[in-house]
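These notes are about the structure you will find just below.
Derivation of every value follows stated rules applied to the coordinates shown; laboratory data play no part. Quick caveat, the model's predicted, so the values are computed rather than measured. FYI the Cβ positions are ideal-geometry reconstructions off the backbone, even for glycines, and counts take in every protein chain you see.
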Amino acid sequence: MDVPELFFADAEGVRIAWCQFGTGPDVLAVPPLVSNMEIVWEHELYRRFLEYLARYVRVTAFDKRGIGLSDKFYELPTLEQRTTDILAVMDAAGLERPALLGQSEGGLMAQLFTAMHPERVAQLVMVNSHPGASGFVAAYQERDGSLDALYERRARLDGLVETWGREPQRFVDWFIPSQSGNASFVRWMGRFQRQSATGADLRRQFDSLRALDAADHLADIGAPTLVINVTGDGLVPALAGRHLAERIPGARFLEVPGDDHFAEMTPHWQDIADAWIEFVTGARPGRQGQRRVLTVVFTDIVDSTAHTAVAGDSTWRHVLDRHDQVAWETVDRHQGTIVKTTGDGLLARFDAPSEAISFATEFRRALTAMDLEMRCGMHTGEVELRANGDITGTAVNLAARIEHAADDGDIFVSSTFREMMIGGDLHFLDRGQHAFKGFDQTWHLFALVD
């Protein structure tokens, strides 16, 4: 799916960045602490989640004031002022009565807006959210019998301000622990942080949010409401969500296993998405995979360990950041999809083999300009396209084996791929028969002549 076009709404003189994607019933997503409407499309984990939603609902998303591509603020806005962001985007997008999806702090805005504008909200969904300051106090007292953990939480948030954009591992370990060992994701999170807010922006957000509370308005919410919380969320205890649901008339509460505050990343992200999609649309998404003929591409940087030793960890991280950004831009330009990054390489899929080979040659040239050398392997065959965005099957395994067999700097392809390209102007060198573990037959491989 193409990255959606960006628009700006006027919220009483404050420009609010918003976009829209997907088809189906309308859902207006009210964002969590940080967001950036453009950058989220650059990582495969976020993109798979957004593209999954787009199959079932039409999502209108925005960056709230002070964050991402929306205008900054210097005087702390009240919760009522923040809800004007929602109204401005609704009106600009032509939304009469969408469902509201409030994530984390965005749930506060969604709660108050639903109470104030009941005629504009069809359903209310909140994920890993809470009713504000009073609800947090109540939740921590109920769970721990004291507020020590709440004070510790506030101190850790203050620590994030000091390291924002420089030490993304700290943020990932707390907010998205399932990805703590994913080096590529951690690097990208540093870029996401820098593009979403400065440390000063983040400080103003914290100062503003600590004074916000919607508890007095919960009983006034009349829209059908679903509250979802992840059991092990280290930022917002599930008790805060239960406290919230108990005070909204008729609200349903759902607790899902996991430890991630950013629910899009949790291993059970589909359970969360399917629950609120069913709540909004009346139908639960199917989980069956699809089988399709695709071209599968694996790449890997040659001697990345040696590069790290020479350049140093910090410099090498910047190089890998650039590698990931160029990879995303190049794959997107050739109508492909990054399935996953592998630290110093990637797995991508393409509908057309011609686009796959064009990507590989362009990407190789870009890396050469960065004084990097890559290996690449590709094969065209039938794969299973999973609902979570992953791909599996013999064709995927074979493409991985071909990449490992490729010489440094070369693009190796299977005989199947080469036969599909006969008649074009590409030239290949014969690299002989190769036996691969897990395959009964040998495979004839060829190297692209650039």
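For G343, the residues whose modelled amide H falls within less than 5 Å of its own, excluding neighbours fewer than 5 places apart on the same chain, are S184. Each of M378, L346, A395 was scored by the projection of its Cα onto the charge dipole of region 290-449, and the greatest displacement toward the positive side belongs to A395; charges sit on the C-beta of Lys, Arg, Asp and Glu.
Loop-only check: which GluC sites (Glu not before Pro) in region 45-105 are DSSP coil with at most 14 other Cβ within 10 angstrom? Spell out each step's value before the answer.
Details: sites: E51, E75, E80, E96, E105; in loops: E75, E96, E105.
In loop regions of region 45-105 (DSSP not H, G, I, E or B), the sparsely surrounded GluC sites (Glu not before Pro) are E75, E96.
Report the residues of region 317-350 in range of a label on D390: point 7 Å along Cα→C-beta, backbone N strictly under 19 Å from it. Residues 337-350 fall inside that zone.
Legend: calculated FRET efficiency, R170 to L76, from the Cβ-Cβ distance at R0 = 30 Å, rounded to 0.05, equals 0.75. Taking the C-alpha atoms only, the angle from helix 79-93 to the longest principal axis of the chain is near 50 degrees.
Label separation (I422 vs A149): 6.6 nm, computed from points 7 Å beyond Cα along the C-beta direction. Net length available on complete extension from D303 to F439 is 46.2 nm, with 0.36 nm assigned per residue and the Cα-Cα distance removed. Scalar couplings 3J(HN,Hα) for region 291-305, obtained by applying the Karplus form with A = 6.51, B = -1.76, C = 1.60 to θ = phi - 60°, are 10, 9, 8, 9, 9, 9, 10, 10, 10, 7, 6, 6, 6, 5, 5 Hz; x denotes Gly and Pro.
Remark on F428: its backbone amide H falls under 5 Å from those of V449, a criterion applied only to residues 5 or more positions apart or on other chains, H modelled at 1.01 Å from N. Taking the chain as the reference, fit the longest principal axis to its C-alpha atoms, fit the long axis of helix 44-54 to the helix C-alpha atoms, and give the angle between the two in degrees, 0 to 90, nearest 10. Between the helix axis and the principal axis of the chain, the angle is about 60 degrees. I need the trypsin sites (Lys or Arg not before Pro) found in region 161-235, filtered to DSSP loop residues with at most 14 other beta carbons within 10 Å of theirs. Those satisfying the criteria are R166, R210. Counting only lysines at least 8 places from K64 when in the same chain, those with an alpha carbon closer than 21 Å to its own are K72. In the list [x] 30.0, 84; [y] 22.3, 80; [z] 23.8, 74, the label attached to Rg and Dmax of the Cα atoms in Å as derived from the coordinates here is [z]. Close amide H contacts of Q123 (hydrogens built in the peptide plane, cut-off under 5 Å, sequence separation of 5 or more or a different chain): A99, L100. Distance between the 7 Å Cα→Cβ label points at V137 and A369: 5.8 nm. Computed 3J(HN,Hα) for region 353-362, one whole-Hz value per residue from the Karplus formula 6.51 cos²θ - 1.76 cosθ + 1.60 where θ = phi - 60°, is x, 5, 5, 5, 6, 5, 4, 4, 5, 5, glycine and proline marked x. Note that region 102-107 has calculated 3J(HN,Hα) couplings of x, 10, 6, 4, x, x Hz, one per residue in order, obtained from phi through the Karplus relation 6.51 cos²θ - 1.76 cosθ + 1.60 (θ = phi - 60°); glycine and proline are x. This model, with +1 at the C-beta of Lys and Arg and -1 at the C-beta of Asp and Glu, gives region 5-135 a dipole about its Cα centre of some 300 debye. Among the lysines, which fall within straight-line cross-link reach of K437, defined as a Cα-Cα distance under 24 Å, with same-chain neighbours fewer than 8 residues apart omitted? By straight Cα distance, K437 reaches K340.
Working from label points 7 Å from Cα in the Cα-to-Cβ sense, the R210 to F7 distance is 3.7 nm. Using a 10 Å Cβ count of at most 13 others and DSSP loop calls, identify the longest part of the chain lacking such chymotrypsin sites (Phe, Trp or Tyr not before Pro). It runs 75-438. Could you state the number of Å between the C-alpha centres of region 110-177 and region 322-350? That distance is 33 Å.
Think of region 45-130 as a dipole: +1 on every Lys or Arg Cβ, -1 on every Asp or Glu Cβ, centred on the Cα centre; then among M109, L53, S70, L53 lies furthest on the positive end.
Axis of helix 394-405 versus longest Cα principal axis of the chain: the two differ by about 60°, to the nearest ten degrees.
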